[in-house]
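Below is one structure; the comments refer to it alone.
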Amino acid sequence: MDAIILQFLNGVDKGAAYALIALGLTLIFGTLGVVNFAHGALFMLGAFCAVTTNHLLTLSQKVKDPSITFFEAYIDQPYLVTWYGDFGQTIIDWSVPLSLLLAIPVMFLIGTLLERGLIRHFYNRPHADQILVTFGLAIVLGEIVRTFYGANPIPQPTPDFFQGQVPIGAPFGLDIAYPAWRLMYFIVGILVMFGVFALLQFTRFGMVVRAGMQDRQMVQLLGINIQARFTLVFGMAAAIAGIAGALYTPTLPPNYEMGMEFLVISFVVVVVGGMGSLGGAVLAGFMLGILEAIVALPVISDLIPGINQVIIYTVAVVVLLTRPRGLMGRKGVMED
Amino acid sequence: MRKRDYFMLLIFAAIMITLPMWGPLIDAGYPDIMQRFAVFGLIAVGFNLLFGLTGYLSFGHAAFLGVGSYTAVWCFKLFTMDVIPAIIASTIMGGLVALILGFVALRRSGIYFSILTLAFAQMMYSLAYSVLTPLTNGETGLQLALGDARVIDRAMGVNPESGLPSTSILGFGVSNQGMTGYWICAIVAIVGFYIALRITRSSFGIMLRGIKSNQTRMSYTGLAARPYLITVFVISGMYAGLAGGLLASVDPLAGAERMYWTASGEIVLMTILGGVGTLFGPIMGAGIIKWLEAKLSTFNESVVEQALAFLPDSIEHGAAVVVSKFVGEGWHLSLGIIFMLIVIFLPGGVMEGLQRLAGLFGFGKNKQAGANSTPAE
């Protein structure tokens, strides 16, 4: 039983990553009607924002190693440590959470620029063209990252504070401990999702965007510049992918190809959840993440070898064939 | 088929046959790259039958390529080193897998179809890497071994005295001898082109184009689109399987990386680059990409510096650093950029570009109607 719960929890944080990416994909699709194959690349860029932050914070100078007195020995000491001592060390330790300060604005900017510069010209082109151009974009972004950071995964530190396990089973009398960082990831994911829902449901901006999703032309006729709002939504979706990517780095060392792996699954998530349904994307994200983790249990994977590799796709096929609209898809949205 | 189609076939055959003669002029005179031209031209032609005619964008074609390769290598291992049964088997297997996949994926259209095929290909890739290791030999890739059964070869008494056997065709060596491999690929490619030409011009092909332009209207006139779609998907899968079999024939090993999504993407790139819906376009795209791959990926910084030696020294080094990011290891960057530019500015690919050029110089009058096409949905 404990094993099942633990595996369930393991699925939850991966599910959070899927859900965040799928949320962004759905936002973009729902507002702009564009299928964004570059969204995985945006997730990857977010992860590399964390790498960059870490890199910047640990810029070092050579200083004399005080522990060796026989000869002149030099070690790399980050400037931050030279300047602020222990406090500098703490900053470096917290580089991944701090990277959000870089990731959110940078990704937002990249998102809006992409929308203005590229995606906008593809609204009236066929879906196939949108897929192709964003696919090309994903290749280009991935390769640019590779020229700067190389092809190998770059591990990122988990802050000391989040090292270790949280005994979350204790209140229920269960002996379950869960890595603190992953718990944090899950909580942040939930907060971001609630933030997005709140923004869409309870603000004027959200109301306009929702109206635009329903009937773009009508909103325009009412004299609202829906285009500007949609550009912001695209930036927002990119920023969400950036947050998801940056915070995922301690769990999975990023490399330039990670985006595509997440993208394929996120698409499946979107399809299962229902194209254009934000709630469906979140629900399906968690569901598939958890399902993937649970079937990885030895009991099940011994019974049906390889099930953990195919379960997500199998679910997608079954859902698409039995319920073409997805779990929570609205009627009439991309049903064919 | 019209007269001009035979003319086209003739031109294509002439190009393939004379390639070894003029190949060296573009620094592509060696068998390996010429085989790639033929094989990837073949797969692009098959992909174009699906995407160009029906507008269904499959992102999983590399899966069939991989299946074809595995089938061919197993055929070599189990039965005989002769190429002919191997490529027949790989064609059939490619078709079978396409039938299963198409049965499911073709229930949906548009982006759902693209996503489903992409998901399927990824699934097969990860299966080939993990669970199916007894069949695929996982990460190492499937290779020939000394102790392979080769039932038919042994029964016939054909067995190499030492070392690994090489593939052969009717007794002639293939994988250990340069040009034979190319000739097989070229002949298969010409036959494949001919079949694609026939399909495009047949009433079946016209149906497929009808599906592309308006599927709803097609079904209102009482035609079920699905059987047509499944048929063309299977044909397209057979082309890919055949290409995989050919790849394994000229170099008898098969690895899962042939099924990775980048490989599927590359097939899409070739077709788009050359020109979707045109007959020559995909082959040209395959040729361009394979040629660029062979050339650009071998460049390194010193080659670039030599090429830029005419520049003043002060900017030469900087320019070399920048340019070298786009070649060698980073040639995918150039590929991605070229691809994006094509999709943005020239959706019809190189063929459209040529037509526009021809139009500029006043040759536009005899523009062929069938070859030109609008971007596919």
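The values are calculated or read from the model by the stated rules, or taken from the named source; none is laboratory data. All figures in this text were calculated on a predicted structure; none of them were measured in a lab. FYI the Cβ positions are ideal-geometry reconstructions off the backbone, even for glycines, and counts take in every protein chain you see. Just so you know, the surface numbers come from the protein's heavy atoms only, side chains and all, with ligands and any DNA or RNA stripped out. Shrake-Rupley method; radii C 1.70, N 1.55, O 1.52, S 1.80 Å.
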Kyte-Doolittle mean at least -0.5, axial Cα span of 18 Å or more - DSSP H helices of chain B: B:3-22, B:31-54, B:61-78, B:83-105, B:110-129, B:178-201, B:225-250, B:261-274, B:281-296, B:331-345
Prolate/oblate/rounded call for segment A:43-197, Cα gyration tensor, a/c under 1.5 rounded: oblate
Cβ-Cβ FRET estimate between B:Arg154 and B:Ala309, R0 fixed at 41 Å, reported to 0.05: 0.10
The protein assembly as shown - charge dipole about Cα centre, Lys and Arg +1 at Cβ, Asp and Glu -1, debye rounded to 20: 3200
Simple label model, 7 Å out from Cα along Cβ direction - B:Leu357 to B:Ile187, nm: 3.4
Nearest-10 value in Å² for the accessible area of B:Tyr129, using the 1.4 Å probe: 80
Extension reserve of the B:Thr18-B:Lys3 stretch, reckoned as 0.36 nm per residue once the Cα distance is removed: 3.2 nm
Per-residue SASA entry for B:Trp74, accessible area with 1.4 Å probe, Å² rounded to 10: 70
Paramagnetic reach from A:Leu174 (point 7 Å along Cα→Cβ, amide N under 16 Å) across segment A:4-31: A:4-13
Per-pair calculated FRET efficiency, R0 = 45 Å: A:Gln165 and A:Ser67 via Cβ, rounded to 0.05: 0.85
Principal-axis tilt of helix A:278-295 within chain A, Cα atoms, nearest 10 degrees: 60
Charge context of B:Leu223, other residues only, Cβ under 15 angstrom, K/R +1, D/E -1: +4
Sequence of A:Ile75, B:Ile267, B:Ile87 from largest to smallest accessible area, 1.4 Å probe: A:Ile75, B:Ile87, B:Ile267
Shape of segment B:3-258, Cα gyration tensor, a/c cut at 1.5: oblate
List A:Tyr79, B:Tyr228, B:Tyr112, ordered by accessible area with a 1.4 Å probe, largest first: A:Tyr79, B:Tyr228, B:Tyr112
Tilt relative to chain A, helix A:2-32 - C-alpha long axis, 0 to 90 degrees, to 10: 60
Cα-based shape type of chain A, given that a ≥ b ≥ c are square roots of the gyration tensor eigenvalues and the cut on a/c is 1.5: oblate
Principal-axis tilt of helix A:95-117 within chain A, Cα atoms, nearest 10 degrees: 40
Diffusion coefficient, µm² s⁻¹, Stokes-Einstein with Kirkwood Rh over alpha-carbon pairs of the protein assembly as shown at 25 °C and 0.890 mPa s: 89
Accessible area expressed per residue, the protein assembly as shown, with surrounding protein chains retained (probe 1.4 Å, Å²): 43
Ranking by accessible area, most exposed first, for A:Phe122, B:Phe361 with a 1.4 Å probe: B:Phe361, A:Phe122
Probe 1.4 Å - accessible area at A:Val12, Å² to nearest ten: 20
